[in-house]
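The values are calculated or read from the model by the stated rules, or taken from the named source; none is laboratory data. Worth saying up front: this structure is predicted, and the values here are computed from it rather than measured. Quick reminder, even Gly has a Cβ in these numbers, built from the backbone with ideal geometry, and neighbours come from all protein chains shown.
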């Protein structure tokens with residue numbers, strides 16, 4: 001499902017440990033790490049899609065987590081030109097996402113990356129709150145930063161911790177010039 005502007009509706013999941021660290025997973029057969037995320041079906045609300053994706057990608061069910069909050073509205077990112085499938089119609093230019101902050105309420109041994117027929121991830125670990133912004137693929141950095149900024153107050157309230165945002169260099173959160181130019185074409 002692609003909206004009239006060329007964006008695929010999607011949900012992102014920021015799964016937080018009680019100590020404030022975040023779930024970070026490696027894409028299967030790739031070197032890229034990211035948060036769980038996935039597309040919405042036409043008959044799903046964002047919360048329904050989030051629970052489905054959570055179970056498919058991590059093996060966790062609704063009873064294993066507590067929803068602490070969500071981003072306000074859609075956060076968008078464009079795909080680099082090399083990832084556009086121009087032969088498919090309509091062309092998907094990127095994703096629009098609602099991000100959810102969840103707290104793990106069960107034990108981490110409940111995580112099962114092989115809970116579905118086609119796993120997305122092959123390994124995972126807990127990372128510091130801001131680590132994903134610098135370590136996700138470059139074209140997702142800006143949306144990760146916006147999502148974590150929106151979710152940070154809820155994370156701080158839930159953990160009684162303070163997640164001081166680092167001083168970012170422009171290169172940290174902006175797409176490289178060749179990637180930006182390719183995406184604009």
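Residue 99 meets the conditions (1) in contact with a helix residue (DSSP H, G or I) (Cβ under 9 Å, 6 or more places away or on another chain); (2) farther than 15 Å from residue 38 by Cβ in every case but one. The failed one is (2). Could you check segment 18-35 and list, in sequence order, the residues that are under 25 Å from residue 154 (Cα atoms), in contact with a strand residue (DSSP E or B) (Cβ under 6 Å, 6 or more places away or on another chain) and surrounded by fewer than 19 Cβ atoms within 10 Å (Cβ to Cβ)? 21, the sole residue that qualifies.
Taking the condition buried (at least 19 other Cβ atoms within 10 Å of the Cβ), outside any loop (DSSP other than H, G, I, E, B), at pLDDT 95 or above and touching a helix residue (DSSP H, G or I) at 6+ places or on another chain (Cβ under 8 Å), does residue 151 pass? Full working, then the answer.
Working: buried (at least 19 other Cβ atoms within 10 Å of the Cβ): yes; outside any loop (DSSP other than H, G, I, E, B): yes; at pLDDT 95 or above: yes; touching a helix residue (DSSP H, G or I) at 6+ places or on another chain (Cβ under 8 Å): no.
For residue 151, the condition - buried (at least 19 other Cβ atoms within 10 Å of the Cβ), outside any loop (DSSP other than H, G, I, E, B), at pLDDT 95 or above and touching a helix residue (DSSP H, G or I) at 6+ places or on another chain (Cβ under 8 Å) - is not met.
Looking only at segment 67-80, decide whether some residue is surrounded by fewer than 16 Cβ atoms within 10 Å (Cβ to Cβ) and over 21 Å from residue 8 (Cβ atoms). Scanning segment 67-80 turns up at least one residue that is surrounded by fewer than 16 Cβ atoms within 10 Å (Cβ to Cβ) and over 21 Å from residue 8 (Cβ atoms).
In segment 154-185, of all residues being modelled with pLDDT of 95 or more and in contact with a strand residue (DSSP E or B) (Cβ under 7 Å, 6 or more places away or on another chain), the one that is farthest from residue 37 (Cα to Cα) corresponds to 158. Annotation for segment 115-128: at least one member residue is modelled with pLDDT under 95 and more than 20 Å from the chain's Cα centre (by Cα).
Every condition in (1) crowded, with 18+ Cβ neighbours inside 10 Å; (2) free of Cβ contacts under 8 Å to residues at least 12 places away in the same chain holds for residue 169 except the one numbered (1). Within segment 11-36, residues that are on the phi > 0 side of the Ramachandran plot and in contact (Cβ under 8 Å) with a residue 24 or more places away in the chain have Cβ atoms under 6 Å from residues that are surrounded by 17 or more Cβ atoms within 10 Å (Cβ to Cβ) and not in a loop (DSSP other than H, G, I, E, B) in these pairs: 20/159, counting only partners at least 6 apart in sequence or on another chain.
In segment 84-113, which residues are modelled with pLDDT under 95 and either closer than 15 Å to residue 21 by Cα or surrounded by fewer than 12 Cβ atoms within 10 Å (Cβ to Cβ) (or both)? Answer for segment 84-113, where residues must be modelled with pLDDT under 95 and either closer than 15 Å to residue 21 by Cα or surrounded by fewer than 12 Cβ atoms within 10 Å (Cβ to Cβ) (or both): 85, 86, 87, 88, 89.
Quick grid of which residues meet (1) in contact (Cβ under 8 Å) with a residue 40 or more places away in the chain; (2) in a loop (DSSP other than H, G, I, E, B):
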residue	(1), (2)
68	yes, no
82	yes, no
85	no, yes
88	no, yes
91	yes, yes
95	yes, no
101	yes, no
